[in-house]
């Protein structure tokens with residue numbers, strides 16, 4: 001079975017802090033994605049990566065950056081956390097033309 | 001533009017049948033997915049349709065009509081554990097990087 005893990009289930013940070021969210025997949029998938037999910041808005045794509053060191057902006061990249069130094073690991077970085085970044089963050093991975101497999105999610109609260 | 005529409009919320013009774021509709025408008029089409037998401041948890045894959053017709057998997061079935069830009073998820077013999085949000089997502093064939101366009105999800109409430 002595909003396994004996607006995320007570094008934390010719950011995280012509380014202060015405004016202005018730099019925040020790192022890590023995601024690791026064990027299926028040698030080329031594609032990895034970071035989403036945020038807010039009530040009534042569904043899943044919104046922040047960034048995705050289709051290969052090591054390759055990244056593309058999704059629909060809402062402002063205030064975020066990503067890093068993919070190894071194929072199995074995709075990190076989301078909040079350079080300076082703000083309260084409007086309080087959300088559920090979901091990482092996913094997929095192979096070519098396959099479904100996306102999701103990690104358990106990180107519920108981030110910025111105070 | 002690209003758009004996916006689903007009802008926001010539906011209510012059904014345990015043991016009954018419910019149909020959740022999804023309509024989409026995308027530049028291209030290369031498959032439609034249904035995911036289930038329980039509150040506070042990650043989405044889990046339910047079904048995938050790329051050709052017209054009905055795909056059946058136990059109590060769950062999914063239907064696709066590409067000409068109408070329409071799909072539905074049919075849940076039979078509803079159980080309390082089916083209370084969840086159901087997400088419809090479309091892969092746009094013009095996108096070479098395998099992104100999905102997501103609907104906002106339908107919250108299904110099952111009553112005894």
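The values are calculated or read from the model by the stated rules, or taken from the named source; none is laboratory data. All values derive from a computational prediction rather than experimental measurement. Positions of Cβ are backbone-derived with ideal geometry, glycine not excepted, and every protein chain shown enters the neighbour counts.
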ask   = Within segment B:3-16, which residues are in a loop (DSSP other than H, G, I, E, B), in contact with a strand residue (DSSP E or B) (Cβ under 8 Å, 6 or more places away or on another chain) and exposed (fewer than 13 other Cβ atoms within 10 Å of the Cβ)?
value = B:8
query = What number of residues within segment B:52-93 are within 14 Å of chain A (Cβ to nearest Cβ) and over 27 Å from residue B:111 (Cβ atoms)?
reply = 6
query = Looking at segment A:101-108, is at least one residue surrounded by fewer than 20 Cβ atoms within 10 Å (Cβ to Cβ), within 14 Å of chain B (Cβ to nearest Cβ), farther than 17 Å from residue A:1 by Cα and modelled with pLDDT of 95 or more?
reply = yes
ask   = How about segment B:48-78: which of its residues are under 20 Å from residue B:7 (Cα atoms) and not in a strand (DSSP E or B)?
value = B:66, B:68, B:69, B:76, B:78
message = Against the definition (in contact (Cβ under 8 Å) with a residue 40 or more places away in the chain and within 12 Å of chain A (Cβ to nearest Cβ)), how does residue B:108 come out, yes or no?
response = no
query = With respect to the numbered conditions (1) in contact (Cβ under 8 Å) with a residue 40 or more places away in the chain; (2) part of a strand (DSSP E or B); (3) surrounded by fewer than 16 Cβ atoms within 10 Å (Cβ to Cβ), which one is the sole condition not fulfilled by residue A:93?
reply = (3)
request  = Restrict the check to segment A:26-47 and report whether at least one residue is within 14 Å of the chain's Cα centre (by Cα) and either farther than 25 Å from residue B:88 by Cβ or not in a strand (DSSP E or B) (or both).
outcome  = no
